[in-house]
Amino acid sequence: MVCGVDIDMTSLRALKARSATVQCVRAYGEQLPFRDATFDYVMSGVALPYMDIPRTLREVGRVLRDGGELWASLHSVPTVLDHLRRSIGTLNWKDILYRTYVLVNGFSLHFTDRLFRFPLNRRRIESGQTRRGVTRALQSAGFSDVLTNRGRCRFVVTARMAQTQAR
């Protein structure tokens, strides 16, 4: 089964228009509506930075079969810093505040393995990631063989669900 998951119906309709064989499901990454060990492979294209990463990785681990693989593209800290510099240059105070939160949230994952929601809008969550933060979150969720490949704007991480993962 090939399945696309998103919370945005417009994105799901666009996916369905491109590929009639893909099943589209509206869901949050933190609460995937699939049975345990359903998938062999999960791919996330720059979606994890907008989720509670530790919680989402536990859910991804739950729906992956033992030995299943994850591929994810994430925001790097330099990307967040670039956004912050542009906001400072234009004196966009709201975005300065928000980008500072995104940066601090990424460092929270790096140092404490936890993320927090934006205090002025509790529905929002975003973070810029470090290799260490994402690697630790993946390992805590039961993943192994973590590899990262960082570019300037984002980085890609791959990992495998541990074979001995207790379900």
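Since every read-out is calculated from the coordinates, none of them should be taken as a lab result. Worth saying up front: this structure is predicted, and the values here are computed from it rather than measured. Here Cβ is always computed from backbone atoms with ideal geometry, including for glycine, and neighbour counts include all displayed protein chains.
For the reader, a short list of remarks on this structure follows.
- In degrees, nearest ten, helix 9-18 long axis to first principal axis of the chain (Cα): 50
- Net charge in the neighbourhood of TYR98 (other residues with Cβ under 11 Å of its Cβ; Lys, Arg +1, Asp, Glu -1) is +1.
- Only the Cβ atoms of Lys and Arg (+1) and of Asp and Glu (-1) were treated as charged; on that basis the dipole of the chain about its Cα centre amounts to roughly 380 debye.
- For region 47-167: rounded, prolate or oblate by the Cα gyration tensor [a/c cutoff 1.5]: prolate
- Within the chain, DSSP assigns beta bridges of which about 55% are antiparallel (rounded to the nearest 5).
- Sequentially through region 84-98, phi angles give Karplus couplings (6.51, -1.76, 1.60; θ = phi - 60°) of 5, 4, 4, 5, 5, x, 9, 6, 7, 4, 4, 6, 4, 4, 5 Hz, Gly and Pro residues having no value and appearing as x.
- Cα-based shape type of region 102-167, given that a ≥ b ≥ c are square roots of the gyration tensor eigenvalues and the cut on a/c is 1.5: oblate
- Each peptide among 36-49, 13-26 gets the average number of other Cβ atoms lying within 10 Å of its residues, and from highest to lowest they stand as 36-49, 13-26.
- Rel. contact order, % - alpha carbon contacts under 8 angstrom, at least six apart, region 72-127: 28
- Entry note, region 15-106: relative contact order of 25 percent, from Cα contacts under 8 Å with a spacing of 6+ residues.
- Long-range amide H partners of GLY68 with built H, under 5 Å: MET161
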